[in-house]
Amino acid sequence: MVSDDHNFDRRRPGRSGHRRQGARQVRPAGVTEMVVELTLKLAGAVERAAAEQGVTAADLADVWFVD
């Protein structure tokens, strides 16, 4: 999910309740699909960035995602 902080003050009252209700109705399979899609997009971005820097994606990921 992407933050939309610059529009926070313009939101209509009562919309958050609809958003919460919609979130409760999300199927686990739909969440799984979204996670897989985002993971694949992240992997692609890491691979592109690694190629630009002349390193392997695994080495770049080790640097970016240090625990």
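Fully extended, how many nm does the chain gain between Leu42 and Ala58 (0.36 nm per residue separation, minus their Cα-Cα distance)? Before the final figure, lay out the partial values.
Details: separation 16, 0.36 × 16 = 5.76 nm, distance 1.26 nm.
Contour length minus the Cα-Cα distance gives 4.5 nm.
Is region 28-67 rounded, prolate or oblate when judged by the Cα gyration tensor, a ≥ b ≥ c being the square roots of its eigenvalues, rounded requiring a/c under 1.5 and prolate requiring a/b larger than b/c? Kindly include the intermediate steps, with their values, before the conclusion.
Numbers: a/c = 4.83, a/b = 2.13, b/c = 2.27.
It is oblate, given that a/c is not under 1.5 and a/b is not larger than b/c.
The numbers here are math on the coordinates, done by the rules we state, and not lab data. Remember, it's a predicted structure, so these values are computed and weren't measured experimentally.
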